Amino acid sequence: MTAPLDFEPTLEWAGGLPGELRMIDQTLLPTETRILTLTRVEEVHDAIRRLVVRGAPAIGLAAAYGLVLAVQNEDDEDVSGFARAFVKAREYLATARPTAVNLFWALDDLEAVQATVSALPPLAQKKALLDRAHELYEADRVACREMGRLGAEFVEPGGGYLTHCNAGGLATADYGTALSVFFAAQEAGKAFQVYADETRPLLQGARLTTWELMRRTIPVTLLCDNAAGWLMSSGRVNGVFVGSDRIAANGDVANKIGTYSVAILARAHEIPFYVVAPTSTIDPATPTGPEIPIEERSSEEITEGFGKRTAPEGALTYSPAFDVTPAQLVTAIITEKGVVEAPTTEKIKALLAS
């Protein structure tokens, strides 16, 4: 029997139509747990952009519910007005962040639903969209548990495992992607050690991953990003588990900046490198990693992180939010549909067709 997470859901819909979207403000963790109530699409866009909600699956779900918020108060008699409002909201939400493909996947999914019911009265369209958003939410919960179950097979009792950024319950509707492996392994009775990179510049590993694992009493040790290689050389790391924001058709993996470095270090130390992500994160329309758009964040996140200046005024910065790990460095991609070892275009295509 699987245990529930012991904190508020990352995000959830409250009410029917009209309803509201509630989510944890992740910018305040771990020192404060604040639940925000969103009623307008502009608030959802802002929450995605500011990383109030983050993690590819959670971003997708937020966008789906954001579309519902955008149209739920439209006139129930004005079919053409409803259609215009939907298109406008869909295009607007697509501008929130560029890299996480789940955002566009969810918007495309609801767009397809709307197209099938576009001849119906707006109220029926609203209900169809909300029902579909709920279905995506529940599907993500199921996927999290299945990824955890499959990934836990790679966790050995007494082993040590490194993770980078946050790919836990805070990044999804339930157990997470990479962290779901640890939650499932714990429920299977395995004892192991997790090492969490702090993940500069916004410290998602320190603020979020460490918080999640400690609340589940999973032994976790926090380390600076640049200590990962030395830790690996000590023999204490038996595997690396990370999430992903977009996986290209050939298995190249975009994830939080620093993941590429960890993958190279893992290969140098002959340590397995696992990527855990739902199939919704795989983008068959993007052939290889170089075609993945990489978001660049503001200079202030480096020079004035968390409100304290740590660099001279006027310092030039380079602040990509993500990097791309070539498929050749990936031991396996763990999805809810199965495990793809040594990923290639052909293997990814077969997985998606299964």
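Inspect all residues belonging to the stretch 338-353 and state whether any of them is surrounded by 15 or more Cβ atoms within 10 Å (Cβ to Cβ), at pLDDT 95 or above, in contact with a Phe, Trp or Tyr (Cβ under 8 Å, 6 or more places away or on another chain) and not hydrophobic (A, V, I, L, M, F, W, C). Within the stretch 338-353 (the criterion being surrounded by 15 or more Cβ atoms within 10 Å (Cβ to Cβ), at pLDDT 95 or above, in contact with a Phe, Trp or Tyr (Cβ under 8 Å, 6 or more places away or on another chain) and not hydrophobic (A, V, I, L, M, F, W, C)), the answer is no, since none of the residues qualifies. Within the stretch 41-68, being surrounded by fewer than 24 Cβ atoms within 10 Å (Cβ to Cβ) and within 18 Å of residue 136 (Cα to Cα) holds for one residue alone: 48. For the stretch 239-246, check the following and say yes or no: at least one residue is surrounded by 19 or more Cβ atoms within 10 Å (Cβ to Cβ) and farther than 23 Å from residue 186 by Cβ. Yes: one or more hits. Within the option set 170, 222, being closer than 30 Å to residue 98 by Cα and surrounded by fewer than 23 Cβ atoms within 10 Å (Cβ to Cβ) holds for one residue only, 222. May I ask you to verify whether residue 27 is surrounded by fewer than 16 Cβ atoms within 10 Å (Cβ to Cβ), assigned by TED's automatic domain parsing to the domain that holds residue 125, within 24 Å of residue 203 (Cβ to Cβ) and not aliphatic (A, V, I, L, M)? Answer is no for this residue.
Scan the stretch 168-212 residue by residue and report those that are part of a helix (DSSP H, G or I) and over 17 Å from the mean Cα position of the chain (by Cα).
Passing the criteria: 184, 185, 186, 187.
For the stretch 272-299, name all the residues that are of a type outside the set (Val, Ile, Thr), touching a Lys or Arg at 6+ places or on another chain (Cβ under 9 Å) and more than 30 Å from residue 153 (Cα to Cα). Within the stretch 272-299, 293, 295 meet the criteria. Residue 279 - would you say it is under 28 Å from residue 148 (Cβ atoms), of a type in the set (S, T, N, Q), touching a Ser or Thr at 6+ places or on another chain (Cβ under 6 Å) and touching a residue at least 40 places away in the same chain (Cβ under 8 Å)? So residue 279 fits the description; yes.
Tallying residues that are crowded, with 20+ Cβ neighbours inside 10 Å and touching a residue at least 60 places away in the same chain (Cβ under 8 Å) within the stretch 185-200 yields 1.
Scanning the stretch 78-128 for residues that are loosely packed, with under 14 Cβ neighbours inside 10 Å, over 20 Å from residue 49 (Cα atoms) and either of a type in the set (Asp, Glu) or under 23 Å from the mean Cα position of the chain (by Cα) (or both) returns 78, 112. One residue stands out among those in the stretch 218-256 that are in a loop (DSSP other than H, G, I, E, B) and of a type in the set (Val, Ile, Thr): the one that is nearest to residue 204 (Cα to Cα), which is 218.
Quick check on my filter: what residues within the stretch 298-354 are charged (D, E, K, R), more than 17 Å from residue 250 (Cβ to Cβ) and in contact (Cβ under 8 Å) with a residue 40 or more places away in the chain? The answer is 301, 336, 337. Filtered by the rule that a residue be closer than 19 Å to residue 280 by Cβ and touching a Lys or Arg at 6+ places or on another chain (Cβ under 6 Å), the stretch 323-354 gives 340, 351, 354. The set of residues in the stretch 247-264 being out of contact with any Ser or Thr (no Cβ under 8 Å at 6 or more places or on another chain) and closer than 23 Å to residue 153 by Cα consists of 262 alone.
Determine, yes or no, whether residue 162 is of a type outside the set (Val, Ile, Thr), at pLDDT 95 or above, closer than 21 Å to residue 23 by Cα and in contact with a strand residue (DSSP E or B) (Cβ under 9 Å, 6 or more places away or on another chain). Considered against the rule, which asks whether it is of a type outside the set (Val, Ile, Thr), at pLDDT 95 or above, closer than 21 Å to residue 23 by Cα and in contact with a strand residue (DSSP E or B) (Cβ under 9 Å, 6 or more places away or on another chain), residue 162 comes out as no.
Filtered by the rule that a residue be touching a residue at least 24 places away in the same chain (Cβ under 8 Å) and either of a type in the set (Ser, Thr, Tyr) or not assigned by TED's automatic domain parsing to the domain that holds residue 16 (or both), the stretch 89-133 gives 92, 95, 99, 118.
The values are calculated or read from the model by the stated rules, or taken from the named source; none is laboratory data. Bear in mind the structure is a predicted one, so any value in this text is a computation, not a measurement. Using ideal geometry, Cβ is built from the backbone for each residue, glycine included, and neighbour counts are taken over all protein chains shown.
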